[in-house]
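A.B. asks: Below is a structure I'd like to ask you about.
Read the figures in this text as sums done on the coordinates, not as results from a lab. Everything quoted here is computed from the prediction, not taken from an experiment. Here the Cβ positions follow ideal geometry from the backbone for every residue, glycine too, while neighbour counts run over all protein chains shown.
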Amino acid sequence: MKKPTNLNKFRKTKIRLEKTKRGNANSIKFGQTKVDKQANIGQNTSQERRLDQLKREP
């Protein structure tokens, strides 16, 4: 006789796989890579510093 199988395990693994597929699709569609984010942060800070240097005091 075989051991009884737990159908909840199969159901949960199927749901997890679907979520990871959906998450991967969303990260490709909407996401930026970590390198891109860091490059943008670096550019923004340098631009802010440049603008602060050019400000005039009244």
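A.B. asks: Obtain the nm distance between the two label points defined at T33 and E57 by a simple spin-label model: each point lies 7 Å from its Cα along the Cα-to-C-beta direction.
C.D. replies: With each label placed 7 Å out from Cα toward Cβ, I get 4.4 nm.
A.B. asks: Same structure again: Towards the positive end of the charge dipole of the chain, with charges on Cβ (+1 Lys, Arg; -1 Asp, Glu), say which of P58, L17, Q38 has the farthest Cα.
C.D. replies: Checked the options; the winner is L17.
A.B. asks: Continuing with this model, one more query. Using helices alone, what [θ] at 222 nm do you get for the chain, with -39,500 (n - 2.57) per DSSP H run of 4 or more residues, divided over all residues and rounded to the nearest 500?
C.D. replies: Dividing the helical sum by the residues of the chain leaves -27000 deg cm²/dmol.
A.B. asks: Over the chain, how many pairs of lysines fall under 25 Å by alpha carbon, counting only those 8 or more apart in sequence or from different chains?
C.D. replies: Lysine pairs meeting the criterion: 15.
A.B. asks: Turning to a different aspect of this structure: Excluding R22 itself, what net charge comes from residues whose Cβ is under 15 Å from its Cβ, given Lys and Arg +1 and Asp and Glu -1?
C.D. replies: Cβ neighbours under 15 Å give a net charge of +4.
A.B. asks: Computed FRET efficiency, Cβ-Cβ of N24 and E48, R0 35 Å: what is it to the nearest 0.05?
C.D. replies: Computed FRET efficiency for N24 and E48: 0.55.
A.B. asks: Let me ask something additional. To the nearest 20 Debye, how big is the dipole of the chain about its Cα centre, given +1 on the beta carbon of each Lys and Arg and -1 on that of each Asp and Glu?
C.D. replies: 880 debye
A.B. asks: Where does helix 34-54 land angle-wise versus the long Cα axis of the chain, in degrees 0 to 90, nearest 10?
C.D. replies: Tilt relative to the chain: about 20 degrees.
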